[in-house]
Amino acid sequence: MEQSSTTLSKLIKAQAIFERFRRDIHDDRDQMGATQAFKFCYELALRMMKTILAAQGVEVSSPKDIFRQACLKKLIDDVDVWFDFQVKRNLTAHAYEEENLIAIVNNFDLFSTELDKLIKIARVMIVKD
């Protein structure tokens, strides 16, 4: 579980950066910074889930498989919410288009809530193992 602990630590640091950006968006430059912080947090959250699942003997490969198994193992509550985060993460490559940037930014509050829940659950699971 050493790897899980390291990934969790990185995720917590990334979450702090994301939260600073999310709470202080004044212009498009702030939106772009927050979008990159979201993308980084999403990737670390995905890695965290995969690592915890692997430690439990569950092998997964695709993000959708990771989310499905994470939901079954009670790491996350709603697989569809995380599927939508995946869509928003994929939009980050096209955040230069205003409608994509708006769609991503409008998702930040929900992502913040779900990320916080995941971190709390991951802390408990890592301690148990």
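Among Leu46, Leu72, sorting on how many other beta-carbon atoms sit within 10 Å of each Cβ, with the fewest leading, yields Leu72, Leu46. Of the chymotrypsin sites (Phe, Trp or Tyr not before Pro) found in segment 86-129, those that fall in a DSSP loop while having at most 10 other beta-carbon atoms within 10 Å are Tyr96. In the chain, helical runs assigned H by DSSP with n ≥ 4 each contribute -39500 (n - 2.57); averaged across all residues and rounded to the nearest 500, the mean residue ellipticity at 222 nm is -26500 deg cm²/dmol.
Over all other residues within a Cβ to Cβ distance under 13 Å of Ile102, the charged ones net out to -3, with Lys and Arg as +1 and Asp and Glu as -1. Modelled this way, with points 7 Å down the Cα-to-C-beta line, the labels at Arg123 and Glu43 are 2.6 nm from one another. FRET efficiency for the pair Asp116 and Val60, taken as 1/(1 + (r/R0)^6) with r the Cβ-Cβ distance and R0 = 22 Å, rounds to 0.45.
Thr92 sits among other residues whose Cβ lies under 12 Å from its own Cβ, and their net charge, with Lys and Arg +1 and Asp and Glu -1, is +1. With 0.36 nm allotted per residue and the present C-alpha distance subtracted, the Arg68-Gln36 stretch has 9.0 nm of extension available.
Between Asp80 and Arg23, the modelled labels are 3.2 nm apart [label points 7 Å from Cα along Cα→Cβ]. Within the straight-line cut-off of under 19 Å between alpha carbons, the lysines reachable from Lys120 are Lys10, Lys13, Lys50, Lys73, Lys74, Lys128, sequence neighbours fewer than 8 places apart in one chain being disregarded. Taking the chain as a Gaussian network of alpha-carbon nodes connected by springs under 10 Å, the highest mean-square fluctuation of the residues Lys74, Lys50, Lys88 belongs to Lys74. Note: relative contact order over the chain, using C-alpha pairs below 8 Å and six or more positions apart, is 29 percent.
Taking Cα atoms only, the orientation of helix 63-72 departs from the longest principal axis of the chain by about 50 degrees. Within segment 42-126, list the GluC sites (Glu not before Pro) lying in a DSSP loop whose Cβ has at most 16 other Cβ atoms in a 10 Å radius. For GluC sites (Glu not before Pro) across segment 42-126 that sit outside H, G, I, E and B with at most 16 neighbouring Cβ atoms in 10 Å, the list reads Glu59, Glu97.
A simple count of charges around Ala45, restricted to other residues whose Cβ falls under 12 Å of its Cβ and scoring Lys, Arg +1 and Asp, Glu -1, yields +3. With viscosity 0.692 mPa s and temperature 37 °C, the Kirkwood radius over alpha carbon pairs of segment 2-128 converts through Stokes-Einstein to a diffusion coefficient of 223 µm²/s.
Readers should treat all values here as calculations from the given coordinates under stated rules, not as data from a laboratory. Quantities reported herein were computed from a predicted structural model and do not represent experimental measurements. When we count neighbours, we look across all protein chains shown, and the Cβ atoms used for this are built from the backbone with ideal geometry, even at glycine.
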